[in-house]
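The values are calculated or read from the model by the stated rules, or taken from the named source; none is laboratory data. In this text the structure is predicted, and so the values were computed from the model without any measurement. Note that each Cβ is placed from the backbone with ideal geometry, even for glycine, and that neighbours are counted across all protein chains shown. Keep in mind that these areas ignore ligands, DNA and RNA; they rest on the heavy atoms of the full protein, side chains included. Shrake-Rupley method; radii C 1.70, N 1.55, O 1.52, S 1.80 Å.
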Amino acid sequence: METLLIMLLMPLPVFMGRAYDPSPGIFQSKEEARNLECTRLSQAEAHERFPEQVPEPSARGTWEVTDALACSRRFMRIGERPARDEVILASLRQSVGDITQIASAHEAGELTWHVDAFYPQPAVAAKISVAARTALVERGRKVSDRVPVLAAGDIAVLWKLPPNQAYPLACARYFAEGVLTERDVFLGVMLVDERETQLHAGLCAQGKWKWLQ
């Protein structure tokens with residue numbers, strides 16, 4: 001969730017062009033600016049997400065407020081988090097958005113979506129899961145907060161297999177054991193190789209696994 005730090009960007013004269021910009025300047029150091037994560041939003045989207053901070057767009061249009069920056073301060077400063085985690089989290093909104101778009105195109109209808117992320121760092125895995133669930137909800141999908149779990153014996157077998165075998169087998173077991181039904185679909189987001197900085201994803205529906213990317 002973004003910290004309520006909303007910058008309204010207005011068509012000001014050039015000498016005031018950065019008055020509402022979180023870039024380094026008189027009122028903010030370079031270090032403080034680097035530790036902000038900002039997303040540019042249209043005024044309509046910003047009003048929907050932050051109605052108390054951003055006014056509703058005028059029905060007739062206006063030249064005063066054109067868009068907004070929704071910024072959040074990092075819990076960890078630049079350099080404190082492992083480089084791979086930084087890369088993954090820096091592009092998380094875009095990468096998860098792409099994944100959920102592809103997944104939604106594969107499975108339509110009144111389905112319940114389950115999401116889990118498989119990542120070496122639990123805190124980062126949790127962020128990936130939340131981002132994917134949020135993106136699916138924004139696409140109008142029904143999303144459960146329940147994560148499908150297999151029996152200990154299944155997990156012991158799957159743990160020893162490479163990803164290209166483990167995920168399809170887990171999918172088949174989810175369906176065979178009734179963990180997922182015909183009305184459920186499971187989206188898994190993961191690193192296939194720990195040396196990578198790109199997220200992969202797969203979809204499990206009716207016991208069949210599809211790699212999305």
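Worth a mention:
- Volume of the Cα convex hull of region 70-203, divided per residue and given in Å³: 119
- Nearest-0.05 FRET efficiency for L161 and T112, computed from C-beta distance (R0 35 Å): 0.80
- Accessible carbon and sulfur surface of region 154-213 relative to its total accessible area, %, 1.4 Å: 53
- A protection proxy built from the mean count of other Cβ atoms within 10 Å ranks the segments 111-119, 173-181, most packed first, as 111-119, 173-181.
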